[in-house]
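Heads up, the thing below is written out as structure tokens.
The values are calculated or read from the model by the stated rules, or taken from the named source; none is laboratory data. Note that this is a predicted model, so its numbers are computed, not measured. Please note: Cβ atoms are built from the backbone with ideal geometry, for glycine as well, and neighbour counts cover all protein chains shown. SASA here: full protein model, heavy atoms, side chains in, ligands and nucleic acids out. Shrake-Rupley method; radii C 1.70, N 1.55, O 1.52, S 1.80 Å.
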Amino acid sequence: MSFLTPRLFALASMVSEGEIVADIGTDHAYLPIFLAKDGKAKKIYATDVALKPLSVAKNNIASFGVSDKVETMLADGIEWTIPNNIKLDSCIIAGMGSSTILDILKKDNVNIDCYIIASNTNLEPIRKWAKQKKYFIEKELLIEDNKIIYELIKINKFAGYKIKNQLDVLFGPILRKDNNKLFLQKWLKEEQKILDLLKQIPVKDKKSKEFLKYKKNINKILKRRTLINE
């Protein structure tokens with residue numbers, strides 16, 4: 001399906017065989033359509049908060065002949081799973097920032113086993129939330145799409161890698177131990193961004209101390225990666 005971006009392909013790859021899935025903020029429903037055509041997911045709920053994109057999604061689903069597997073739903077976030085008594089193996093939340101995703105996750109409930117997340121911003125607050133909840137990281141991926149490097153994670157409530165410390169929160173318990181070129185690219189770029197910001201902030205400023213601490217953690221992980229590559 002040529003309309004699927006590398007990021008959407010990567011999200012689809014994180015869905016396990018036979019899962020019941022929801023795509024939150026589905027827009028054109030491209031991801032649910034792919035999952036249905038591929039036969040990977042047993043059932044997919046394509047949700048959106050607005051009628052217009054949901055209407056487009058409905059038409060696309062019908063055009064691809066997957067209406068038997070994909071159900072559209074006008075809904076905000078994930079709270080709808082409780083009154084509708086719907087159990088989800090995985091809930092996909094992508095295409096928005098981490099603060100918006102955290103707002104959605106406030107309605108986390110027993111009807112959802114896993115979250116597949118691709119944020120447009122830093123994943124640190126999402127991992128921090130997962131750590132506080134004592135959830136696990138099942139999978140982590142880095143993908144480059146339209147010259148932007150995205151982090152993707154699958155949070156599993158029952159099994160996976162523990163988020164043990166601050167380095168795990170910042171860099172990911174799986175990604176920080178992988179020998180991945182995109183990881184180096186992403187964090188070298190982030191390091192440069194911090195250096196540029198530090199030039200603009202007075203040394204005694206509280207933010208300066210926070211950025212220096214952040215930079216120190218980046219240096220630590222980049223140094224470790226350099227040693228591995230050597």
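Would you mind telling me which residue in Leu152, Leu188, Leu35 has the biggest mean-square fluctuation in a Gaussian network model of the chain, where springs connect alpha carbons within a distance under 10 angstrom?
Highest fluctuation among the options: Leu188.
What Kirkwood radius, in Å to one decimal, follows from the Cα pairs of segment 108-230?
15.6
Please report the net charge: other residues with Cβ closer than 15 Å to the Cβ of Ala118, K and R +1, D and E -1.
My count for the surroundings of Ala118 gives -3.
Using only protein heavy atoms and a 1.4 Å probe, report how much of Phe158 is accessible, in Å² to the nearest 10.
140
Could you state how much accessible area Val15 has, in square angstrom rounded to the nearest 10, with a 1.4 Å probe and all protein chains kept in place?
For Val15, solvent-accessible area is about 0 Å².
Give the accessible surface of the chain per residue, rounded to a whole number of Å², with probe radius 1.4 Å and ligands, DNA and RNA excluded.
53
At 1.4 Å probe size, with the rest of the protein present, what percent of the exposed accessible area of the chain is carbon and sulfur atoms?
So the carbon and sulfur contribution to the accessible surface is 53 percent.
Residues of segment 28-56 with backbone nitrogen within less than 14 Å of a virtual label 7 Å along the Cα-to-Cβ line of Ser67, please, listed as ranges.
Answer for this model: 55-56.
For the full complex of protein chains and a 1.4 angstrom probe, list Met73, Met14 by accessible area with the highest value first.
Descending accessible area places them as Met73, Met14.
Too long at a 28 Å Cα-Cα cut-off: which of Lys177/Lys204; Lys147/Lys223; Lys133/Lys223; Lys43/Lys189?
Cα-Cα > 28 Å for Lys177/Lys204; Lys133/Lys223; Lys43/Lys189; rest within.
Taking H as built 1.01 Å from N, whose amide H comes closer than 5 Å to the amide H of Leu4, not counting residues under 5 places away?
The list, which skips near neighbours in sequence, is empty: none.
Using r as the Cβ-Cβ distance of Leu167 and Ser208, and R0 as 25 Å, what FRET efficiency do you calculate, to the nearest 0.05?
E(calc), rounded to 0.05, equals 0.70.
Roughly how many whole Å is it from the C-alpha centroid of segment 81-132 to that of segment 43-76?
Using only Cα atoms, the two centres lie 20 Å from each other.
Under a point spin-label approximation (7 Å from Cα along Cα-to-Cβ), what is the Asp38-Asp76 distance to one decimal in nm?
Output for this residue pair reads 3.1 nm.
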